[in-house]
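Enquirer: This structure is in structure tokens; I'll ask about it shortly.
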Amino acid sequence: MIKTENLIKTVSTSEGELQILQPITFSVEAGQSIAIIGASGSGKSTLLGLLAGLDTASSGEIWLDDAPLHSMDEEARAQLRGEKVGFIFQSFMLVPSLTALENIMLPAEITGLSDPKARALAVLKQVGVEHRAGHYPNQLSGGEQQRVAIARAFITQPKILFADEPTGNLDAKNSDNVESLLFELNKQSNTTLVLVTHDPELASKFDRQLSMNAGVLEEVTA
Ligand SMILES: Nc1ncnc2c1ncn2[C@@H]1O[C@H](COP(=O)(O)OP(=O)(O)OP(=O)(O)O)[C@@H](O)[C@H]1O
Ligand SMILES: [Mg+2]
């Protein structure tokens, strides 16, 4: 489902070239759940952005459901993302001018699903924010924004779901609820799940754990 070959990310900074990701070669089977752990600044979000086709690698190959992301242009990548990928951003990335409900409807509208509003209301309820449907992002708490961002990623029932610390801002009860939703989607729709977390207990519930250390990705063996 996901395959990378010597994936490298380098950025230019005022102090010269900085290599954020060392050559990364790994693969994830369809329906697998993967947790990525590692220190702050080690490159986890950078890797997730590359795997989802949101950012481009400096070199190397990425295959997403047999499509070669590394040789596709932005338009083709955007189409692939719309069809197959859900992404829960660490910083939520909600559209400020749209209400919670409208934010969630957006991907359903873009991909042309029927009755986006009913679908959006249903997923908003699943994350427990239905009483804030008409609120704009700046009228929502951090945890509510996070749950809206999660609902937005769920609505299209993506084949692959990337989640960057999706429970980072949630209390224990909401965090458990989001965990259950993620695993439900993984089991029922065979969604491939790639999640970044700082929570070792959450990570231990995944099929595999990988750890990122200064741009080096390694399998964690129990
Ligand atoms: N565009 C960029 N230009 C320069 N440095 C960058 C850029 N993007 C990321 N970095 C640096 O690369 C490193 C990895 O960043 P990344 O966001 O992937 O870390 P992370 O593992 O997700 O950390 P956290 O757990 O804090 O979210 C950081 O040191 C960051 O400052
Ligand atoms: Mg990060």
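Enquirer: For the chain, which span is the longest to avoid every loop-located (per DSSP) member of GluC sites (Glu not before Pro) having at most 14 other Cβ atoms inside 10 Å? Each step should come with its number before you reach the end.
Expert: On the way: sites that count: 15, 29.
Longest site-free region, per DSSP loop and neighbour criteria: 30-222.
Enquirer: Which shape class, rounded, prolate or oblate, goes with the stretch 1-101 when its Cα gyration tensor gives a ≥ b ≥ c as root eigenvalues, a/c under 1.5 marks rounded, and past that a/b bigger than b/c marks prolate?
Expert: Rounded.
Enquirer: Still on this structure: Express the relative contact order of the chain as a whole percentage, based on alpha carbon pairs under 8 Å and six or more residues apart in sequence. Intermediate values should be presented prior to the final figure.
Expert: Values: 420 pairs, mean separation 64.0, N = 222.
The value is 29 percent.
Enquirer: Placing unit charges on C-beta atoms (Lys and Arg positive, Asp and Glu negative, everything else neutral), compute the dipole magnitude of the stretch 65-165 about its Cα centre in debye, rounded to 20. Please list the in-between numbers first.
Expert: Working: 10 positive and 13 negative charges, 78 e Å.
Dipole magnitude for the stretch 65-165 comes out near 380 debye.
Enquirer: Show that you can apply the helix-only estimate: for the chain, add -39,500 (n - 2.57) for every DSSP H stretch of four or more residues, divide by all residues, and state [θ] at 222 nm to the nearest 500. Intermediate results must be reported in sequence, preceding the final value.
Expert: Working: 7 runs with 75 residues, N = 222.
Rounded to the nearest 500, it is -10000 deg cm²/dmol.
Enquirer: Rounded, prolate or oblate: which fits the stretch 98-222, taking a ≥ b ≥ c as square roots of the Cα gyration tensor eigenvalues, rounded meaning a/c under 1.5, else prolate when a/b beats b/c? Present the calculation step by step, with values, prior to reporting the outcome.
Expert: On the way: a/c = 2.14, a/b = 1.64, b/c = 1.31.
Judged from the Cα gyration tensor, the stretch 98-222 comes out prolate (a/c at least 1.5, a/b above b/c).
Enquirer: Out of the total accessible area of the chain (probe 1.4 Å, heavy atoms of protein only), what percent is carbon and sulfur?
Expert: Numbers: 5110 of 10530 Å².
Answer for the chain is 49 percent, counting heavy atoms of protein chains only.
Enquirer: Contour minus end-to-end for residue 172 and residue 83, with contour as 0.36 nm per residue of separation and end-to-end as the Cα-Cα distance? Please list the in-between numbers first.
Expert: Working: separation 89, 0.36 × 89 = 32.04 nm, distance 3.22 nm.
Answer, rounded to one decimal: 28.8 nm.
Enquirer: Something else: Between the stretch 77-150 and the stretch 167-222, how far is it from one alpha carbon centroid to the other, in angstrom?
Expert: 21 Å
Enquirer: Could you give the size of the charge dipole of the chain about its Cα centre, using +1 on the Cβ of each K and R and -1 on the Cβ of each D and E, expressed in debye and rounded to the nearest 20?
Expert: Numbers: 17 positive and 28 negative charges, 112 e Å.
The dipole of the chain has a size of about 540 debye.
Enquirer: If you don't mind, there's one more thing I want to ask. Could you tell me the largest-minus-smallest coordinate of the C-alpha atoms of the stretch 42-160 on each of the three principal axes, in descending order and whole angstroms?
Expert: 46, 35, 23
Enquirer: Among rounded, prolate and oblate, which fits the stretch 163-222 when a ≥ b ≥ c are the square roots of the eigenvalues of its C-alpha gyration tensor, a/c under 1.5 means rounded, and a/b larger than b/c means prolate?
Expert: Details: a/c = 2.07, a/b = 1.36, b/c = 1.52.
It comes out oblate by the Cα gyration axes.
Enquirer: Among the lysines, which fall within straight-line cross-link reach of residue 173, defined as a Cα-Cα distance under 26 Å, with same-chain neighbours fewer than 8 residues apart omitted?
Expert: Counting by Cα, and skipping residues close in sequence, residue 173 has these lysines nearby: 44, 125, 187, 205.
Enquirer: When the dipole is taken about the Cα centre of the stretch 1-80, and only Lys, Arg (+1) and Asp, Glu (-1) are charged at their Cβ, what size is it in debye, to the nearest 20?
Expert: 280 debye
Enquirer: Leaving ligands and nucleic acids out of the surface, order 161, 98 by accessible area at 1.4 Å, largest first.
Expert: Values: 161 0, 98 45 Å².
Correct descending sequence by accessible area is 98, 161.
Enquirer: Taking 2.2 N^0.38 Å as the expected size of a compact globular protein, what ratio does the Cα radius of gyration of the chain give against it, to two decimals? Mind showing how you got there, number by number?
Expert: Numbers: Rg = 17.1 Å, N = 222, 2.2 N^0.38 = 17.1 Å.
With N residues counted in the chain, Rg over 2.2 N^0.38 Å equals 1.00.
Enquirer: Ok, one more. What is the spin-label model distance, in nm, from residue 138 to residue 97 if the labels are put 7 Å beyond Cα along the C-beta direction?
Expert: Result for the modelled spin labels: 1.4 nm.
The values are calculated or read from the model by the stated rules, or taken from the named source; none is laboratory data. Just so you know, these numbers come straight off a predicted model, no measurement behind them. As a convention, Cβ positions derive from the backbone with ideal geometry for all residues, glycine included, and neighbour counts pool all protein chains shown. To get the accessible areas, we keep the full protein, side chains included, count just its heavy atoms, and leave off ligands, DNA and RNA. Shrake-Rupley method; radii C 1.70, N 1.55, O 1.52, S 1.80 Å.
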